[in-house]
1. What number of residues in region 483-499 are surrounded by 16 or more Cβ atoms within 10 Å (Cβ to Cβ) and not in a strand (DSSP E or B)?
2. Of the conditions (1) over 18 Å from residue 466 (Cβ atoms); (2) in contact (Cβ under 8 Å) with a residue 12 or more places away in the chain, residue 325 fails just one. Which one is it?
3. Do we have any residue at all in region 208-224 that's in a strand (DSSP E or B), within 15 Å of the chain's Cα centre (by Cα) and buried (at least 20 other Cβ atoms within 10 Å of the Cβ)?
4. Out of all the residues in region 125-134, which are more than 22 Å from residue 528 (Cα to Cα) and assigned to a strand (DSSP E or B)?
5. Just give me the residues in region 451-475 being modelled with pLDDT under 90 and in a loop (DSSP other than H, G, I, E, B), in sequence order.
6. Go through region 363-390 and give me each residue that's more than 46 Å from the chain's Cα centre (by Cα), touching a residue at least 24 places away in the same chain (Cβ under 8 Å) and part of a loop (DSSP other than H, G, I, E, B).
7. State the number of residues belonging to region 526-557 that are outside any loop (DSSP other than H, G, I, E, B) and closer than 25 Å to residue 216 by Cβ.
8. Kindly evaluate residue 283 against the criterion of being outside any strand (DSSP E or B), over 30 Å from residue 112 (Cα atoms) and touching a strand residue (DSSP E or B) at 6+ places or on another chain (Cβ under 9 Å).
């Protein structure tokens, strides 16, 4: 047993008052020598033992009454006894991930979780502290009405959130509240892909509610990818869906439907387009609706414009010149003073595809050119060993002549390919730097089949200045935007300010990045693919994910409300102690009344 207000234990000293009064009570005897006194003395001697026992019992009852009242004032709590529940810090974690939006029994599963959360809030008393923590980390605390209203307004997000972090945050709230009891209530659909790792909330009791119903079958768009990412102006959209059944789909681009079709199982479908619009266009792939609507649509964005202009310096080599001529004939690039393709020592501006010089004597001039262009790399020692360059979409490319690439302090770049563990091709803001000249005596790349597609990717996607900023993010996930971007434009035209390091919107969709009044890029937000997998963990397995001394799992909303305020936990003892004090006072009154002469009782 412990006390919530131990300072009031000082009142127990008042127990000594009845004892002192009892000891100070004295009989005043005046001796009289007359015959009738003999009869009074005999009567008193016959009743003295009974009177002493009665007075001692009265003193004990009065002392106990004062003792019980003093202990009750100290607000004791203890096990098994008492009424109601001890003041408790309660943090309710509500899973509002996309999967809880699935329709079961004509209503979203989230509605069941919200109803169970309201039952817990309604069962709290005025001395409890209550919070609600959502799966995406939002916290609401305060009066029960405030928390209840927040539960009623809760909606499913477009992604999975982070329930493990939400539980940890909830545990921190209740443990720091300094309440006699603390509990974290977790309301979740028990999705297997959500509860993969163990959660360690600390020394706190956890009560878990998961609905009893089974998840329905589900179909989802698993891929909606423009190929290439920048159209000039032709392109295609690769479409794929998950699910055993065939399903109809439609593709929208710029707000209008451009294609419809049928997907069978996990087949892929390529939708080719050449839109008339130019600039950034939002698009989507949408399936026929099923019980989980959130993953029946997947968004994408594509920049549509003219082919980038490319200027090739004569010293770039025969293979590069002929490759660019082939791209120009296919209208993938155009001729003009746009992207420069040149050896490093002959480059004059960015954006540029920079090739290492074929003559090592030119290395000094090349490094001076890199410094002048602001490229944070330098050419170092020449290496003539036989090795292989490996990179995405490059395969294994033999290399016989290469320069070591040395980064300048603070360099930020992507490594596109490496050879013998060293960077061989790097890309940054406005440049791609190759550590070998594009000649057969230096590398086998010019005579390989992947050379032309690889060069196309560099010129039309990496080095094109327009439509180059395309960001992807999970709903509510971290978002880092390029310098100067200060706002997001929604599909309905509404513009909202954006911090350089913030969070993506909670709902899926396409937003445009704005620098002032200009669109400079796009942000595509889609749900995580594993949110479409609705399989749930068994109750025992779900409980084992929580590394606590006690985790109770139930599928009964009524048991959840009772289990939150556990009957085996400590409870207030004030009511019991006050009742005992009253019983002592009633017993004292009865004894005193029975001891009065009959005449006095009748007169009273």
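1. Total satisfying the criteria: 2.
2. Against the list (1) over 18 Å from residue 466 (Cβ atoms); (2) in contact (Cβ under 8 Å) with a residue 12 or more places away in the chain, residue 325 comes up short only on (2).
3. Checked region 208-224: no residue is in a strand (DSSP E or B), within 15 Å of the chain's Cα centre (by Cα) and buried (at least 20 other Cβ atoms within 10 Å of the Cβ).
4. 129, 130, 131, 132
5. Residues satisfying the conditions are 463, 464, 465, 466, 467, 468, 469.
6. Once the filter is applied, which keeps residues that are more than 46 Å from the chain's Cα centre (by Cα), touching a residue at least 24 places away in the same chain (Cβ under 8 Å) and part of a loop (DSSP other than H, G, I, E, B), region 363-390 yields only 385.
7. Total meeting the criteria: 13.
8. No.
The values are calculated or read from the model by the stated rules, or taken from the named source; none is laboratory data. These numbers were taken from a predicted model, which means no experiment stands behind them. A quick note on method: Cβ atoms are made from the backbone with ideal geometry, for glycine too, and the neighbour counts reach across all protein chains shown.
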